Structure formats: C-alpha cells, structure tokens
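One structure is given below, encoded as structure tokens.
Laboratory data are not the source of any read-out in this text; all were calculated from the coordinates shown. Everything numeric here is computed off the predicted structure, so don't read it as measured data. No Cβ is skipped: glycine too gets one built from the backbone with ideal geometry, and neighbour counts run over all protein chains shown.
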Ligand code: COA
C-alpha cells in the first residue's frame, strides 16, 4: 500500500579516516603556510584515506551508524543514494557495493553525481520518494576520497580538500515536520571553473594525461568564490520561501564547508549570527559531497538540533550546482 508522508531525518552517521594531515605537513610539500591557509580558508587540518580504503568502505561505516541511530535494520531500507564524485569505480555503482556491505537487500540503489551539492541533491531526491509514498526509508550518503585527485604540486588546490563520509536515513515523520522546502539548480556554463579533465571518457587517464596533471582537480578559485558567495545564501532563501519561512526562523544553518569566508558571507546575507551556523571546516577541509552530512551528524550528536528547530542545509559545487533544504527537526 502506498502511504504518502512527510520526510525527515531519522538517523545520522559519519566517518573520517584516521590519518590527519595538518597545514604544517603541507608546508613541506608546496610553497604555502599555515597562516595563509587559515586566514584565506579557515582550514587547519584534513583527513586522508590510506591506500586500500575506498569510498564504499567509508560509506559503509557511516551508513551503519545512521541506521543504528534510526533504529532500523538494513532490510528496512527501500533505497540507497550515494552522492559522490569519487566512486570506487564507474560500475558497479558505489551504492551497489554499500548495499552488499550492509545487507540492504530490499533497497533500490544508485549513485548521484552533483559534486559538493551532491548530498543536498540526494536529500531532496530522497524526500520526493518518501513524499510520493514509493519509499518509506531512504539512506543518503555523501562520501569522497578527494586526496587521490589532488595535485600536490598545485598550492591553489591541494590545501583545500579532504576525505570523509556522512550519512543520513530519511524516513516518515509526522505532519508539519521534516523537509518543508527545497531549492536546487545548476549552471553548466561554469563547468570550466572546477573540473578533473581526465576522469571520464573524454580524456582517458593515460600516461600522457597523468604527465600533464589532467587527472587532478583544476580550479579557478576566484570564479568559484564569486559564484559561491552569490548562490549559497540565495538557495537557502529560496528554500525558506518555499517553506513559507524567512531567515528569522532559522535555528541552525549547516552549510557546505568549502571556505570560512564563503560561509560567513552566506550567514551575513541570511542575517544570522555565527552561533547559528555549524562550522567544522578547520578539522576536515572541503570534503565535497561528504561535507554537509558530516557536519549534520556532528551537529546532531552535539545536540545542536532540537525537536521543532528549523534547520537549513545549503550547498554549492562543481557543475556548477547548488541546492538548499529546509527541515523542521523531529
Ligand atoms: N599558499 C600560499 N599562497 C597561495 C596559496 C597557498 N596555498 N594558494 C594561492 N596562493 C597565492 C596565489 O598564488 C596568489 O598569489 P599572487 O597574488 O602572487 O598571484 C595569492 O595567494 C592570492 O591568491 P587568491 O587566489 O587571490 O587568493 P584568495 O583570497 O582568492 O583565496 C581561494 C584563494 C582558493 C582560497 C579562494 O579563491 C576560494 O576559496 N575559492 C573557492 C574555492 C572553493 O570553494 N572550491 C570548492 C568548491 S565546492
């Protein structure tokens, strides 16, 4: 029987690899300084996955934590969405590998590909399936091993990213709770500002491509920065309007953690004091699709969200893409 319902978060989890790489460690690899990195980005350290650990391994740990908190067995999942730009491989999808690892044999699964906006896109997608009644419980995971795509000769990019995974189980919540409004969008014209040229079929990762450093993240930082400060607050505002709310209603903003200055500018646009904004960029750097769910899990376990709180997720990323989501916490 199809039961239409509101969709909210039932449980969260996260995992970061043990190895911590500090700004001082990066000073030994490229011409940079702890002072520059902290001042321009807010990052102090990040975690890197060791060889042999793959995105699906980190997803699996985060997923088990989220299921545990939700009090659900893996068999109760109807869908798994893994949001990543660093899958283990193109086929099978990372979601298939996670399904096998956790034994979620009743779940339809797929990977979703929206870079740093991935988790917010995934959360909105999960919401549609629950609201339509097609699914009861959907596991959404954001996970990345970006360290394998970082050029440790390029100081413009190699100081910015880290590895990790975050997960949330979305399920049915009472009327008035859960996701109240959302916004998502993209501007493909901005694809040139942030990409990995040799990461698909257009330029295969041959020795020549490697020698030209085409298998690494390329970024025009200034263009991405301008885009980010424009869209992060805007997508949150649009989602709030769709929820019939305004910035004054926000109890906690959980933004994509790319740069503390971008986060501060979104907070300013939303007239929010920084104590209503969750920040953990100093510990993890930019973990792309994993950044919002890692932050959401930390905020959740620290008791930063209480029943009835209005929680806003806002992300932006390569594509270019953006997405915002407003929830009444249950
Ligand atoms: N260490 C030291 N110096 C560095 C450096 C580093 N790691 N990276 C860049 N610099 C230098 C530049 O070479 C430049 O030197 P120059 O003036 O001699 O040419 C100088 O610092 C200033 O560079 P600039 O690009 O103006 O710095 P910025 O204040 O714009 O900060 C970013 C650079 C990348 C931190 C910033 O543009 C940013 O955060 N962009 C958005 C990135 C992002 O969010 N990406 C992910 C999207 S999901």
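Do we find a residue being under 21 Å from the mean Cα position of the chain (by Cα) and in a strand (DSSP E or B) anywhere in the range 83-101? Yes, some residue in the range 83-101 is under 21 Å from the mean Cα position of the chain (by Cα) and in a strand (DSSP E or B).
Taking every residue in the range 220-236 that is within 12 Å of residue 314 (Cα to Cα) and pairing it with any residue that is in a helix (DSSP H, G or I) and more than 8 Å from the ligand (Cβ to nearest atom), at least 6 positions away or on another chain, the pairs with Cβ-Cβ distances below 6 Å are 229/265; 232/266; 233/266; 233/269.
From the list 319, 315, 324, 289, pick out the single residue that is within 22 Å of residue 82 (Cβ to Cβ), assigned to a loop (DSSP other than H, G, I, E, B) and within 16 Å of the chain's Cα centre (by Cα). On inspection, the qualifying residue turns out to be 319.
Considering only residues in the range 247-266 that are assigned to a helix (DSSP H, G or I) and within 16 Å of the ligand (Cβ to nearest atom), the one that is surrounded by the fewest Cβ atoms within 10 Å (Cβ to Cβ) turns out to be 261. Going through (1) surrounded by fewer than 23 Cβ atoms within 10 Å (Cβ to Cβ); (2) in contact (Cβ under 8 Å) with a residue 24 or more places away in the chain; (3) touching a strand residue (DSSP E or B) at 6+ places or on another chain (Cβ under 9 Å) one by one, residue 49 falls short only on (1). Just to be sure before I move on: is residue 6 buried (at least 19 other Cβ atoms within 10 Å of the Cβ), within 20 Å of residue 118 (Cα to Cα) and away from the ligand (no atom under 16 Å from the Cβ) in the structure I sent? Spelling it out, it is not the case that residue 6 is buried (at least 19 other Cβ atoms within 10 Å of the Cβ), within 20 Å of residue 118 (Cα to Cα) and away from the ligand (no atom under 16 Å from the Cβ). Residues in the range 238-246: is at least one assigned to a helix (DSSP H, G or I), buried (at least 17 other Cβ atoms within 10 Å of the Cβ) and either touching a helix residue (DSSP H, G or I) at 6+ places or on another chain (Cβ under 6 Å) or on the phi > 0 side of the Ramachandran plot (or both)? Taking every residue of the range 238-246 in turn, none turns out to be assigned to a helix (DSSP H, G or I), buried (at least 17 other Cβ atoms within 10 Å of the Cβ) and either touching a helix residue (DSSP H, G or I) at 6+ places or on another chain (Cβ under 6 Å) or on the phi > 0 side of the Ramachandran plot (or both). Go through the range 220-237 and report how many residues are more than 9 Å from the ligand (Cβ to nearest atom) and crowded, with 24+ Cβ neighbours inside 10 Å. Looking only at that region, the number is 5.
Against the list (1) in a loop (DSSP other than H, G, I, E, B); (2) surrounded by fewer than 18 Cβ atoms within 10 Å (Cβ to Cβ), the condition residue 272 fails is (2).
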